[in-house]
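Everything on this sheet refers to the single structure shown next.
We did not get these values from a lab; they are worked out from the coordinates using the rules stated. Predicted model only: the values in this text are computed from it and were never measured. Because the Cβ atoms are built from the backbone with ideal geometry, glycine has one as well, and the counts that use them run over all protein chains shown.
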Amino acid sequence: MSLLLGVNIDHVATLRQARYALNPDAPILEPSVLDAAREAQKGGADSITIHVREDRRHMQDADARLMRKEVNLPLNLELANTVEMVSFACDLKPDFACLVPESREEITTEGGLDAVGHFDSLKDTIIALQASGIKVSLFIDPEEEQIEAAAKLGAEMIELHTGSFALAEGEPHQNELSRLRLSADLGASLGLQVNAGHGIHRQNISSLFSVKNLKEINVGHTLVSRALFIGLRAAVAEMKALMADYQGDQE
């Protein structure tokens, strides 16, 4: 089973907003998120991920609509479980919607969604999104109860939060890998598509190869960082080449 790559281009918008947040009507708005998505596609991206946050700190509503209209790749919209964002998603109709936790204080998403604690509200949200033809994923920590809740909620997919794996070294690193292996196996056994994301980069991607049943990984910050030196198309192609050795079928 080949491993798919979803490319998150949020931080292209972060760079743009650093200069143009107060001047959205400037004659030139750069870097272009549309150009970034097209370069990612040319590098071999299998989908494009964007997160329209409630405070619109990077991606804007217009960016999402532009992606939907102009980019010939599946669009994965990350969003908070709020009335406003769910309404926006149902109007946009991305291919996938990944529900994530969101805090105004954080710099980027840290930790997984509590599918157990927010079961009832998530149920209503998932029904609404699926009624609009959108496949739903939950960004959750690699924990048994969270995965079982995702299955009970009727989500088609889960995205395992790999942030702890990315930060750990030595024995803790191996422990995180064990959690991911068990979680991916459980998710697959429950009929869920299992994706993974957060903190994955060139140096740690091969460690994930021991985690079976992964379908797609979502990678963003490291690709945008690498693009400063070799370009986004090349950075995506480089990551795809590193992913080629993944053997994903459960042993």
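Below is a table of values for the structure above.
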quantity: Magnitude of the charge dipole, the chain, Cβ model with Lys/Arg +1 and Asp/Glu -1, debye to 20; calculated: 900
quantity: Fewest-first sequence of C90, C98 by Cβ atoms within 10 Å of each Cβ; calculated: C90, C98
quantity: Which of T125, T222, T82 has the fewest Cβ neighbours within 10 Å, and the rest in rising order; calculated: T82, T222, T125
quantity: Net charge over other residues, Cβ less than 13 angstrom from the Cβ of V86 (K, R count +1; D, E count -1); calculated: -4
quantity: Lysine pairs meeting the criterion (Cα under 18 Å, 8 or more apart or interchain), as found in the chain; calculated: 10
quantity: Relative contact order for the chain, counting Cα pairs under 8 Å that sit 6 or more residues apart, in percent; calculated: 21
